[in-house]
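Coordinate-derived values only; no laboratory data. Given the structure is predicted, the values throughout are model-derived calculations rather than measurements. Backbone-built Cβ (ideal geometry, glycine too); neighbour counts: all protein chains shown.
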């Protein structure tokens with residue numbers, strides 16, 4: 001059995017170009033986009049938060065079908081590509097007729113058109129010219145620019161406004177295509193990841209959502225970071241002072257906060273988190289000789305810093321443990337949480353040829369605090385902090401935002417710009433031999449408001465007819481004006 005390829009291709013094209021097909025696919029895109037806002041998405045959501053929100057089985061299923069990264073899932077990008085194809089097909093299928101309608105406006109209505117049009121009205125006139133002049137004046141008074149139309153031995157008046165409104169749907173189509181194109185480009189060539197920096201640290205490595213690492217062609221340095229709190233102590237905002245380093249020099253600096261990222265070379269750096277990194281920035285101490293013969297000294301040490309207390313003695317900040325415990329004469333780390341901190345100093349005396357372990361807090365079973373040639377008093381512990389950055393490269397964003405702006409323009413034309421057309425044609429009644437002025441109009445939307453506009457036009461025409469000079473009876477008799485019999 002032979003396959004009618006031409007018929008099959010025609011049916012396929014009609015299905016793709018169908019408005020029903022496009023509407024169904026658009027509804028699917030909207031539903032799946034809503035799912036993407038309800039289900040927590042990677043990588044913007046921390047892994048711990050994902051695990052707390054969903055059970056392991058549910059999370060495994062969500063990851064497998066791509067619902068934890070909807071906007072980069074292959075099936076979502078494929079759906080948008082199919083919707084784009086439907087929009088293009090529908091536009092190609094209908095645009096020729098729309099363009100003919102736009103480029104060649106219907107300026108002189110024939111008799112069948114006049115009979116079917118609503119609204120319409122007929123007004124008695126003395127002759128063709130007075131009716132045409134009255135219609136022109138009335139349309140001018142309503143802000144239109146009427147033109148006189150000549151068809152063989154017939155005359156008429158045509159006026160319209162906002163013809164571009166007939167093509168507004170194609171502006172909307174173009175905006176949707178731009179949005180979908182930008183989203184598809186982002187899904188195929190865009191990427192997102194995270195970058196955590198300690199204060200003063202420089203890095204150009206971004207950890208992507210799949211665990212891979214991307215190397216940037218430039219580096220980011222965190223000069224400082226901080227947190228502002230409300231009066232009750234809850235966080236108000238996080239901020240970071242970042243610098244872009246390229247070719248060994250700073251090429252750009254910016255202080256970022258949430259929703260105000262740093263953009264450089266197409267890569268955006270968003271502020272996403274802030275907190276202590278479990279490392280000590282400075283340990284401030286007061287040191288005094290144990291024999292009481294010397295003066296007290298204030299010193300500040302970072303981890304692994306060595307400071308000379310005198311010609312014979314040095315102190316080194318050996319280690320910091322954020323959460324310590326002592327067991328079997330050893331100090332060990334229980335966790336990385338800053339819950340029970342301990343600091344370890346090593347005081348070295350050259351003359352004694354010995355090193356003394358000094359611990360804060362004091363631990364007599366493992367420390368030599370009392371034997372040390374210097375006694376120490378801790379005054380402050382300044383912890384280091386990290387800033388958490390979300391990093392994204394979205395090359396299709398220009399298309400998305402251009403489409404959003406164009407969509408707003410298109411919808412404004414669709415809902416607020418109305419294509420109005422008016423006709424005025426002198427009509428002869430062969431039975432009576434008298435003229436009447438047929439007035440008609442149409443609008444592509446908002447018909448109720450248009451009917452009020454049409455009523456205003458008809459009233460204005462009647463007022464203009466009354467204001468025109470009345471031809472004297474003698475002139476009518478002499479010229480035959482007002483009788484249209486042939």
### Task
Find how much the distance from residue 379 to residue 189 grows on full extension, using 0.36 nm per residue of separation minus their present alpha carbon separation; answer in nm with one decimal.
63.2 nm
#### Entry: Per-residue [θ]222 nm for the chain (sum of -39500 (n - 2.57) over DSSP H runs n ≥ 4, rounded to 500)
-11500 deg cm²/dmol
### Query
How far is it, in nm, from the label point at residue 279 to the one at residue 106 when both lie 7 Å from their Cα along the line to the Cβ?
7.7 nm
### Query
Hey, quick one: spin label on residue 365, modelled 7 Å out along Cα-Cβ, who in the range 306-346 has an amide N within reach, i.e. under 16 Å?
324-334
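Tell me, what is the FRET efficiency for residue 205 and residue 306 to the nearest 0.05, using R0 = 25 angstrom and their Cβ-Cβ distance as r?
On the way: r = 31 Å, r/R0 = 1.23.
Once the sixth-power term is evaluated, E becomes 0.25.
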### Message
From Cα pairs below 8 angstrom and at least 6 apart in sequence, can you work out the relative contact order of the range 1-78, rounded to a whole percent?
### Response
30 percent
### Message
More than 24 angstrom separation, counting every C-alpha pair in the range 5-101; what % is that?
### Response
43 percent
### Task
Find the Cα radius of gyration of the chain, compare it with 2.2 N^0.38 Å by division, and give the number to two decimals.
1.78
### Query
What is the order of 328, 310, fewest Cβ neighbours within 10 Å to most?
328, 310
### Task
List the residues of the range 353-394 whose backbone N lies under 18 Å from a point placed 7 Å from the Cα of residue 319 along the Cα-to-Cβ direction.
355-369
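Among 357-369, 201-213, how do they line up by average Cβ neighbours within 10 Å per residue, starting with the highest? Don't jump to the answer; show the numbers that get you there.
Numbers: 357-369: 15.8, 201-213: 13.6.
Sorting 357-369, 201-213 by mean packing, highest first, produces 357-369, 201-213.
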### Query
What's the exposure ranking of 151, 137, going from fewest to most Cβ atoms within 10 Å?
151, 137
### Task
Only Cα pairs under 8 Å and at least 6 apart count here; give the relative contact order of the range 279-382 as a rounded whole percent.
29 percent
### Task
Rank these for me by crowding, 331, 326, going from fewest to most other beta carbons within 10 Å.
326, 331
### Message
Taking the square root of 5 times each eigenvalue of the Cα gyration tensor, what semi-axes in Å does the equivalent ellipsoid of the range 279-382 have, largest first?
### Response
23, 16, 11
### Message
Defining a contact as two alpha carbons under 8 Å apart and six or more residues distant in sequence, what relative contact order in percent does the chain show?
### Response
19 percent
### Task
Please give the contour-minus-distance gain from residue 290 to residue 335: 0.36 nm per residue of separation, less the Cα-Cα distance, rounded to one decimal in nm.
12.8 nm
### Query
In whole angstrom, and with the biggest value first, how far do the Cα coordinates of the range 191-277 range along each principal axis?
43, 31, 23
